[in-house]
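Peer 1: Quick one: this structure, given as structure tokens, is what I'll be asking you about.
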Amino acid sequence: MKPDKLLKEVSDKLNLDREIKIKVKPFKKKIASISHKTGTLYLNQLCLEILTQEEIKFVIAHELLHLKHGKIHTLKFEQELRSLFSKDLTRSINWKIKKLLKSQT
């Protein structure tokens with residue numbers, strides 16, 4: 001599934017009424033980031049290569065929740081993220097990305 005369709009699916013679940021754009025680009029260390037000012041979510045292109053759709057949706061949800069709750073991972077932020085998914089995918093995502101980045105150096 002294309003990143004923009006995954007973004008729409010996740011933003012609908014979060015009931016976000018703000019228009020969000022997604023751009024895929026290479027990052028050396030980051031998995032993703034979001035601009036509060038422009039509403040643009042930047043996704044590391046490696047995510048599309050090595051993560052499952054569920055993991056990509058998790059990354060997208062994580063970034064969108066920063067728009068909703070701010071930059072800090074509050075309890076409310078964490079609870080809402082976990083309510084969208086059956087389990088916390090942070091470790092598996094970080095492991096996959098770090099492993100790939102390490103193999104490229």
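The values are calculated or read from the model by the stated rules, or taken from the named source; none is laboratory data. The model shown is predicted, which means the values in this text are computed figures rather than measured ones. For neighbour counting, all protein chains shown are included, and Cβ atoms are generated from backbone atoms with ideal geometry for every residue, glycine included.
Peer 1: Consider only pairs whose beta carbons are under 6 Å apart and that are at least six residues apart or on different chains; among these, list those whose first residue lies in the stretch 78-103 and is touching a residue at least 24 places away in the same chain (Cβ under 8 Å) and whose second residue is loosely packed, with under 13 Cβ neighbours inside 10 Å and not charged (D, E, K, R).
Peer 2: none
Peer 1: If you don't mind, another one. Tell me which residues, restricted to the stretch 7-19, are more than 11 Å from Leu41 (Cβ to Cβ) and either without any contact (Cβ under 8 Å) to a residue 12 or more places away in the chain or under 12 Å from the mean Cα position of the chain (by Cα) (or both).
Peer 2: Listed by number, the residues that qualify are Lys8, Asp12, Asn15, Asp17.
Peer 1: To continue, here is another question. Of these, Gln79, Gln104, Gln45, Gln53, which one is of a type outside the set (A, V, I, L, M) and at pLDDT 95 or above?
Peer 2: After applying the criteria, what remains is Gln53.
Peer 1: Specify the residue that is surrounded by the fewest Cβ atoms within 10 Å (Cβ to Cβ); the eligible residues are those in the stretch 90-105 that are part of a helix (DSSP H, G or I) and of a type in the set (Ser, Thr, Tyr).
Peer 2: Out of the qualifying residues, it is Ser103.
Peer 1: Here's another thing I want to ask about it. Suppose we filter Ile22, Ile34 for residues that are touching a residue at least 24 places away in the same chain (Cβ under 8 Å), surrounded by 12 or more Cβ atoms within 10 Å (Cβ to Cβ), within 30 Å of Ser103 (Cβ to Cβ) and in contact with a His (Cβ under 7 Å, 6 or more places away or on another chain); which single one remains?
Peer 2: Ile34
Peer 1: Of the residues Ile60, Ile50, Ile72, which is out of contact with any Lys or Arg (no Cβ under 8 Å at 6 or more places or on another chain) and surrounded by 12 or more Cβ atoms within 10 Å (Cβ to Cβ)?
Peer 2: Step by step, each of Ile60, Ile50, Ile72 is checked, and only Ile60 is out of contact with any Lys or Arg (no Cβ under 8 Å at 6 or more places or on another chain) and surrounded by 12 or more Cβ atoms within 10 Å (Cβ to Cβ).
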